[in-house]
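Taken together, the values in this text are just the output of simple stated rules run on the coordinates, not laboratory data. No experiment lies behind these values; they were computed from the predicted model shown. Positions of Cβ are generated from backbone atoms using ideal geometry, with glycine treated the same way; all protein chains shown enter the neighbour counts.
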Amino acid sequence: MVRVRFAPSPTGNLHIGGGRTALFNWLYARTKQGKFILRIEDTDKLRSKQEFVDEILNSLKWLGFDWDEIYYQSQHFETYHEFARKLLKKGKAYTERSLERDGEAIIFKVIPQKIKTNDLIRGEIEFDSQVIKDQVLIKSDGTPTYNFACVIDDVASDITHVIRGDDHISNTPKQVLLYEALGFKLPQFAHLPLIMGMEGGRLSKRTGATAISDYRAMGYLPQALVNYLLLLSWAPGENRERIDINEAIKLFDLSNINKTSATFDLKKLGWMNNQYLKDEDSEKLTDQIIPLLVEKKYIGEENFDKKYITSLVKLFQPRLSLVNDFPDWADFFFVDEVTIAPKAKEKYLNKDFSREFALFIERLDGLKSFDVVSIEEEFRSLVSGLGIEAKDLIHPIRVALTGKTVGPGLFEVVYYLGRERAKKRLRRFIK
């Protein structure tokens, strides 16, 4: 049975690179009906923190990566010491007393040799152990080193495939030597290409190296983020970009992963998020948006009309790139006085519209049925009678009502503002 592992260190939050590694491990396990093991590498007692463990677990759950088993390295210190002592007895390791602290380190003897591994993504890779110095297994403070603990845990968990970023390639020969010295069967290795920023070079915070929890807080949907991560070094074929995770499970294979570095494009991620937001259930989307409106004090924690808010969400949904855009884009529905951007006022309210606005108010007052269709009919009739183009009045009215130059359809805006609020805002500009 295929058994893979994702092994984050709780010395920081789960970032995009780790998220993609977790995805490809989880996906491969599900594709092969295998097991996805989560291993928390918390041997660094000073830097490992519970808050980071919680953040990593919550982020994986949010992305939908359920694990079959979970291990904590800190619970297996005695196991590491036991195997280190075995290497000592075989003469494959030696001790060295620390001059700085009271304790002995256990160090593995590296024998010069050629090491070959068949990487499932990169093909055959050859290493020369002459460039590798003797490897510390157990530090003088009793803590196991990364490579040693990694090998012991992979063996103990029956890991069949080690899928990780290619920044770990340099660790592979060191680990192969330990597998062989202990008489363990090697797993199959697969090293994922790095994710680069748009300008080349490694990801920075400015180019997307942000925690998964930050993307969640910014208003990305998990299914959109997962779909985008999938496209970083893998493609479903037929020039498709959007793919459901359940379909990806049927198509995914490690041999189809691209060897070249992937480029992280925030604009492309925004486009992907918009695609998913368009199709998201409006009620579910409203549930995500309500806390944002409460935080802005646009609505009370309990005293609000959810049906009305859902209607507004539907208005903006086709254009949203982030869930968090909504409070800023729709603020004019929740405030008494709108703030008009100076440039919008200069461009569209640069002359006296008293007559036109007053006539439109009259038309609104005369409506027996206040609905979107009737509002539009009266508006069209008005501009026809005035002998002007619709756009000559649509833009000034929009700015007067919303303070913005873009937004949902004007007639929907008037309808959801309501007759009285729309009239009140127009009267501000009647001399």
- Please go through segment 295-392 and write out the GluC sites (Glu not before Pro) that DSSP classes as loop and that have at most 14 other C-beta atoms within 10 Å. GLU301, GLU302, GLU337, GLU389
- Query: Using Cα atoms only, what is the angle between the long axis of helix 50-63 and the major principal axis of the chain, expressed in degrees (0 to 90) to the nearest 10?
  - Reply: 60 degrees
- Magnitude of the charge dipole, segment 281-329, Cβ model with Lys/Arg +1 and Asp/Glu -1, debye to 20: 180 debye
- Starting with the fewest neighbours, write out ASP279, ASP154 ranked by other beta-carbon atoms found within 10 Å of each beta-carbon. ASP279, ASP154
- Task: Can you figure out the FRET efficiency of GLN113 with THR339, using R₀ = 56 Å and their beta-carbon distance, to the nearest 0.05?
- Result: 0.20
- Query: Can you list the residues of segment 389-431 with backbone N under 12 Å from a point 7 Å past the Cα of ARG363, pointing along Cα to Cβ?
  - Reply: 389-395, 397, 411
- Note on the structure: In the neighbourhood of SER157 defined by beta carbon distances under 12 Å, the net charge of the other residues (Lys, Arg +1; Asp, Glu -1) is -1
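Arranged by the count of other C-beta atoms within 10 angstrom, fewest first, what order do TYR72, TYR308, TYR220, TYR415 take?
TYR308, TYR72, TYR415, TYR220
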- Task: Only one of the values (i) 26.6, 79; (ii) 27.6, 115; (iii) 30.2, 100 was calculated from this structure for Rg and Dmax of the Cα atoms in Å; name its label.
- Result: (iii)
- Item | Calculated FRET value between LEU186 and GLU78, using beta carbons and R₀ = 22 Å, to 0.05 | 0.35
- Helix 266-279 versus the longest principal axis of the chain: what is the Cα-based angle in degrees, 0 to 90, to the nearest 10? 60 degrees
- Task: Would you list which lysines come within 29 Å of LYS114, measuring only between C-alpha atoms, while excluding same-chain residues fewer than 8 positions from it?
- Result: LYS86, LYS89, LYS90, LYS92, LYS133, LYS139, LYS174, LYS185, LYS259
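Return the percentage of antiparallel bridges among DSSP beta bridges fully within the chain, rounded to the nearest 5 %.
50 percent
Considering only DSSP states other than H, G, I, E and B, which GluC sites (Glu not before Pro) in segment 27-100 qualify as loop sites with at most 16 other Cβ atoms within 10 Å? Show your work: numbers first, answer last.
On the way: sites: GLU41, GLU51, GLU55, GLU69, GLU78, GLU82, GLU96, GLU100; in loops: GLU41, GLU100.
In loop regions of segment 27-100 (DSSP not H, G, I, E or B), the sparsely surrounded GluC sites (Glu not before Pro) are GLU100.
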- Query: In deg cm²/dmol and to the nearest 500, what is the mean residue ellipticity at 222 nm of the chain if only DSSP H runs of at least 4 residues count, each as -39500 (n - 2.57), divided by the residue total?
  - Reply: -13500 deg cm²/dmol
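Normalising by the residue count of the chain, find the relative contact order in percent from Cα pairs under 8 Å and 6+ residues apart.
Values: 638 pairs, mean separation 55.1, N = 431.
Here the relative contact order equals 13 percent.
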- Message: Counting other C-beta atoms within 10 Å, and keeping those with at most 14, which DSSP coil trypsin sites (Lys or Arg not before Pro) do you find in segment 20-57?
- Response: LYS45, ARG47, LYS49
- Message: Could you tell me the calculated FRET efficiency between LYS61 and LEU386, based on Cβ-Cβ distance and R0 = 56 angstrom, to the nearest 0.05?
- Response: 0.45
- Relative contact order %, segment 342-427, counting alpha carbon pairs below 8 Å whose residues are six or more apart: 39 percent
